[in-house]
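All remarks here apply to the structure that follows.
The values are calculated or read from the model by the stated rules, or taken from the named source; none is laboratory data. Note that the structure is a prediction, hence the values are computed from the model and not measured. Quick reminder, even Gly has a Cβ in these numbers, built from the backbone with ideal geometry, and neighbours come from all protein chains shown. The accessibility values were calculated without ligands, DNA or RNA, using every heavy atom of the protein model including side chains. Shrake-Rupley method; radii C 1.70, N 1.55, O 1.52, S 1.80 Å.
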Amino acid sequence: MGESMTSVSGDNLVYHSATGSPEELQRCGRATFAVRHCSSTRVAVAVRGEIDAVNGRALGRYVESHARMSKQLVLDLRAVDFCGTQAFTALYYISVNCARSDVDWAIIGGRALRRLLSVCDPHGELPLDDDLASALARLDRLAQCRRQLVWTGQSGWRARPQPPATTTVTAKRAVVKYRHQSA
């Protein structure tokens, strides 16, 4: 197991020879899964090889175990050479778990995944992006939207209250009031 993956670096998934810790690297069938915690809120999972009946379930569980500790997930499948129908099942499983755990996610896929999704997801329900830059832009937009919402127990999601804008009249009154108190 001398060959491992490191995830997102620039716009490419970088593969190099190194030893990875067992919790960050998993080989199952003809696929290798690797994870990188990009920040406290974002995790990237990279897959190389083939996703089929042998490892589809393992992929779903691997992603689930790492995504639950974050708020955002980048699933990089560009280095996947073959996607069987179990790959779609795994993606559906990941989608459901991300929705339940309130995790935003994006998929970056290669030719094999796009071929599978053209049949299994013709309406584009899964968050598939063309490249890493567009996936990260999607996640940044979603994070920005979340910052503007707060959960209130009784009424659900509401826009975050903005502090009152200080108008020039209010600012002038404050300056005048300060001068009178200082004098």
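Table for the structure above
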{"read-out": "By accessible area with a 1.4 Å probe, ligands and nucleic acids excluded, highest first: order of PHE88, PHE82", "value": "PHE82, PHE88"}
{"read-out": "Around ARG138: net Lys/Arg minus Asp/Glu count, Cβ-Cβ under 9 Å", "value": "-2"}
{"read-out": "Relative pair counts by distance (%), Cα atoms of the stretch 31-97, 10 Å bins", "value": "24, 57, 19, 1"}
{"read-out": "Local net charge near SER118, Cβ-Cβ under 15 Å (Lys/Arg +1, Asp/Glu -1)", "value": "0"}
